[in-house]
Each structure stands twice: as structure tokens, then as C-alpha cells.
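Every number in this text was worked out from the coordinates using simple rules, so none of it is lab data. Owing to the predicted nature of the structure, the values given are computational and were not obtained by experimental measurement. Neighbour counts are summed over all protein chains in view; Cβ atoms, including those assigned to glycine, are modelled from backbone coordinates with ideal geometry.
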Amino acid sequence: MSNVARKVVLTVAENKLVTNFVNKYGLTLGASRFVAGEKLEDAIKAVKQLNAKGICATLDHLGESCHDERVAAEGTREAIRILEAIHENGVDSNLSVKLTQLGLDIDYNFCLSNMMEIVGKANELNNFVRIDMEDSSKVDATIAIFRALKEKYPQNVGLALQSYLYRTEKDMDSLADLKPSYRLMKGAYKEPKEVAYPRKKDVDDNLIKIIKKHLDAGFYTAVASHDEKIINATKAYVKEKNIPKSQYEFQMLYGICSSLQEQLVKEGHKVRCYVPYGTDWYPYFSRRLAERPANILFILKNLLKK
């Protein structure tokens with residue numbers, strides 16, 4: 001989708017009438033294709049189904065932009081419950097979190113404390129936590145929290161970086177001493193041209209550039225894209241450079257390009273599916289619509305059936 005069209009979809013998604021309608025009817029109209037359910041048990045069931053196909057997962061309890069300490073504390077407890085459920089069910093999954101769900105907009109140290117508790121539990125259970133990157137205003141604080149966590153728990157935390165931000169390559173350089181694991185992706189937030197590439201081609205080119213840069217550094221690289229051009233460029237590069245399959249994985253979203261995920265597994269690549277669940281699913285869902293026209297068509301078809 002073009003940058004202009006994406007901004008239009010995201011702007012419409014913020015309309016209160018649209019929000020109320022989709023929150024009421026969205027899951028029955030097709031949003032459930034992209035969200036595993038409202039409960040952790042639903043998400044664990046989805047992960048088991050993915051694991052049966054050879055696909056790993058990362059679980060995400062949906063929520064963001066929290067300004068209430070009580071709600072952030074609940075989000076922290078739920079993240080720990082996810083790690084415990086993964087361990088108890090023996091599924092192949094790690095955890096993804098958004099820092100604004102865990103108190104970043106309330107107080108930096110409060111959020112850091114919550115994250116220390118979560119990543120400490122991941123360390124205890126031999127699991128891994130991926131910090132999602134949010135909009136550009138959150139990048140500095142997110143990187144600072146990542147560095148603090150990485151220094152204490154070097155094997156249990158990774159970060160997502162977005163290729164549409166001009167600053168990303170410099171951020172990679174500043175964190176290179178940590179030998180980080182990154183999820184590299186295009187980015188899905190509405191950003192001004194002062195901080196982000198406005199042209200899709202530039203975003204794509206930069207994603208391929210930072211993927212190669214991270215692979216060349218010898219660090220673990222999660223390539224998060226449904227774009228076959230990006231995927232094929234990665235496959236060609238790892239083959240050309242003799243990069244072991246243990247150094248990278250492909251990541252995709254639940255309900256999108258499922259056949260491609262299965263095909264990559266058959267080719268011997270590691271694939272991880274991002275599995276979201278929870279009641280606060282609309283912001284996530286609206287970004288999925290903005291990313292791919294096919295997602296909007298899918299919802300419209302279901303709407304017309306009603």
C-alpha cells in the first residue's frame with residue numbers, strides 16, 4: 001500500500017465511530033483472522049497448531065499507550081503468565097511486548113522495573129523476550145531500556161528496529177557492542193517525513209540494507225516481512241555468504257501469508273509467527289489493514305456477507 005493510502009487508513013481507524021463499530025463487530029467480521037482470540041488459552045491453542053506445522057511463535061498480549069499504573073502492573077503479570085504458560089504447555093514460543101503497555105508513558109523507571117521482572121522470568125524459564133518498537137517518539141527510551149536489560153540478561157532479550165526511520169542504521173551501530181538479536185521490519189506507524197522515508201522503495205531498500213548489515217556482523221537476525229522481494233533477497237544473500245540457518249529466521253504475522261510460512265519451513269528455514277491475543281486488539285488490527293490492501297478486501301467481503 002502506498003504511504004498516502006496507509007496514512008488514510010490509519011486516520012480513518014482513529015475515528016471514534018469507526019472504533020466503536022469495529023470494537024463491537026470486528027472479530028465476527030473477520031478480525032479474528034489476525035488475532036488468535038481474547039484469552040491466553042486461545043493463543044496457546046493457536047501456537048500448538050503452528051508448532052505442528054514446524055512453525056515457532058512469539059506471543060503478544062495486545063495493548064499499548066497505557067497511562068494507569070494499575071493497568072501496566074496487570075500487563076506485567078500477564079506477560080509473566082504467558083512465559084509460565086509457554087513453559088507449562090511445552091510449546092515453542094517466546095514473548096513479544098510493547099513498552100507503552102508496561103508503563104513507559106507513565107515513568108521510565110517504573111517501566112524498566114516491570115521489564116526487569118519479565119525478562120528475569122524469561123531467564124528463569126530459559127525463554128526470550130522481544131521488545132516491539134513503537135512510534136518514533138519512543139525510540140530513545142526503548143533503546144535505553146533494551147540496553148539495561150541486555151546488560152543484565154544477555155541471552156534473554158532482543159529488540160525490533162524499523163527500516164522506515166532514517167536513524168535506524170545509526171542505532172544499530174550504537175548498540176553493536178551488545179551483539180544484539182534484532183527483528184528487522186519496515187514499520188507500521190504513521191510518521192512524518194522528517195523522521196521516516198516517505199517512499200516505499202526507500203523503506204524496502206533500507207530494510208534489505210540493514211538485514212545484510214546485521215547478518216554480516218554475525219548477529220542473530222529475524223527478518224519480519226511478508227514481502228517476497230525482501231524474503232528472496234535474504235535467501236539469496238545467506239546463500240551467497242554461506243550464512244548458517246542458525247543465524248536467522250523469518251517472522252510473519254498470524255493469519256497472513258500462511259502458505260508462504262509453511263513453504264519456507266519446507267525449504268528448511270526457521271519461521272516464527274507473531275501470535276497476538278487479548279481484548280485490546282483494535283490498534284494492532286488497524287495497522288494490519290494499513291499495511292496490505294488484501295486485508296481490507298478480506299474484511300469487506302465478510303461485511304457484505306452479514
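In the calculated pair distance distribution of the stretch 123-179, what percentage of Cα-Cα distances lie above 19 Å?
It works out to 26 percent of all Cα pairs.
Would you kindly derive the ³J(HN,Hα) couplings of the stretch 50-57 from the backbone phi angles with the Karplus curve 6.51 cos²θ - 1.76 cosθ + 1.60 (θ = phi - 60°), listing them in order in whole Hz, with x for Gly and Pro?
Result, rounded to whole Hz: 5, 4, 5, 9, x, 9, 7, 9.
What fraction of the Cα pairs in the stretch 36-280, stated in percent, has a spacing above 30 angstrom? Could the numbers behind the result be given before it?
Details: 6509 of 29890 pairs.
Tail of P(r) above 30 Å: 22 percent of Cα pairs.
With θ set to phi - 60° and the Karplus curve 6.51 cos²θ - 1.76 cosθ + 1.60, what are the ³J(HN,Hα) couplings of the stretch 119-135 in order, to the nearest whole Hz, using x for Gly and Pro?
5, x, 5, 4, 4, 4, 9, 6, 10, 9, 10, 9, 8, 5, 8, 9, 5
Just grab the label-to-label distance for Asp205 and Leu178, each label 7 Å out from Cα along the Cβ direction, in nm (one decimal).
2.9 nm
Take the residue pairs Lys138/Lys239; Lys39/Lys201; Lys39/Lys138 and return only those whose Cα atoms are more than 31 Å apart.
Violating the 31 Å limit, Cα to Cα: Lys138/Lys239; Lys39/Lys201.
Testing the spin-label approximation: label points 7 Å from Cα along Cα→Cβ at Glu240 and Arg70. State their distance in nm.
Placing both labels 7 Å beyond Cα along the Cβ direction yields 5.7 nm.
Taking the alpha-carbon centroid of each part, what is the distance from the stretch 162-234 to the stretch 29-71 in angstrom?
Comparing the Cα centres of the stretch 162-234 and the stretch 29-71, I get a distance of 24 Å.
Mind checking which aspartates and glutamates have their C-alpha under 14 Å from Lys241, skipping anything on the same chain fewer than 8 residues away?
The reachable aspartates and glutamates, counting only those whose Cα sits under 14 Å from Lys241, are Asp216.
What is the spin-label model distance, in nm, from Lys152 to Gln49 if the labels are put 7 Å beyond Cα along the C-beta direction?
Simple spin-label model gives 3.7 nm for this pair.
Amide H neighbours of Phe128 under 5 Å, at least 5 residues apart or on other chains, H built in the peptide plane: list them.
Leu95
Which of the peptides 45-54, 233-242, 257-266 is most tightly packed, and how do the rest follow, going by the mean number of other Cβ atoms within 10 Å of each residue?
On the way: 45-54: 17.0, 233-242: 13.7, 257-266: 15.4.
Descending packing order for the listed peptides: 45-54, 257-266, 233-242.
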